[in-house]
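A.B. asks: The following block contains the structure, expressed as structure tokens.
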């Protein structure tokens, strides 16, 4: 048995001849044909199933939370793009994240205390996602990851602009960015000019330069 926000749920094999898996939450039971699918099925229903970690190594533990293909991308869009709703994260995803993966990643981030969610006043069906302090503490990781990508992978100058800006700004700029995220997501007092606005300006300048270069190449042809 494991606990959920709204009660308790449990998984058990059916007594039928074929192995089956049942998940019960809040009085409702769903059954799947294979026991091995139980955890995945429960997760798809928004139920977080605890499991034994592979090892207590901190790198392993962090990778188990952050290491899939989409979690860091969703966090990136919330941090650097200030995307706060499901619709924004879906519509503006450069990687074209699918609806089911986005929903699953948001549940995962909430379950691990990296985002919080609140209903939007006067909009019954809209929810607003916020980074927690635990997620904001990942800014140095994002900076290092972006710098590694710039150095070792084939990237586009416009898409590396924000990463280069943060990496070149050093610890002081990084801390100022974290303070701005705390202001936006945790409602702490503002502490100076917007780092997000400066990063957006650098990104837009790189895009404009790339567009001008493309126009010049077409003219020369």
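The values are calculated or read from the model by the stated rules, or taken from the named source; none is laboratory data. Everything numeric in this text was worked out from a predicted model, so none of it was measured. Neighbour counts run over all protein chains shown; Cβ positions are idealised from the backbone, glycine included.
A.B. asks: Of the residues that sit in region 50-71 and are touching a helix residue (DSSP H, G or I) at 6+ places or on another chain (Cβ under 7 Å) and over 15 Å from residue 111 (Cα atoms), which one is modelled with the highest pLDDT?
C.D. replies: Among residues in region 50-71 that are touching a helix residue (DSSP H, G or I) at 6+ places or on another chain (Cβ under 7 Å) and over 15 Å from residue 111 (Cα atoms), the one modelled with the highest pLDDT is 70.
A.B. asks: Taking into account only those residues within region 119-134 that are under 16 Å from residue 71 (Cβ atoms) and out of contact with any helix residue (DSSP H, G or I) (no Cβ under 6 Å at 6 or more places or on another chain), which is surrounded by the most Cβ atoms within 10 Å (Cβ to Cβ)? Reasoning before the result, please.
C.D. replies: Initial filter on region 119-134 (under 16 Å from residue 71 (Cβ atoms)): 129, 131-132, 134.
Those still in the list that are out of contact with any helix residue (DSSP H, G or I) (no Cβ under 6 Å at 6 or more places or on another chain) too: 129, 132, 134.
Working: 129: 20, 132: 16, 134: 13.
Checking each candidate, the answer is 129.
A.B. asks: Looking at region 104-125 only, could you name the residues that are more than 19 Å from residue 75 (Cα to Cα) and in a strand (DSSP E or B)?
C.D. replies: Of all residues in region 104-125, those more than 19 Å from residue 75 (Cα to Cα) come to 119-125.
Those that are more than 19 Å from residue 75 (Cα to Cα) and in a strand (DSSP E or B): 119, 120, 123, 124, 125.
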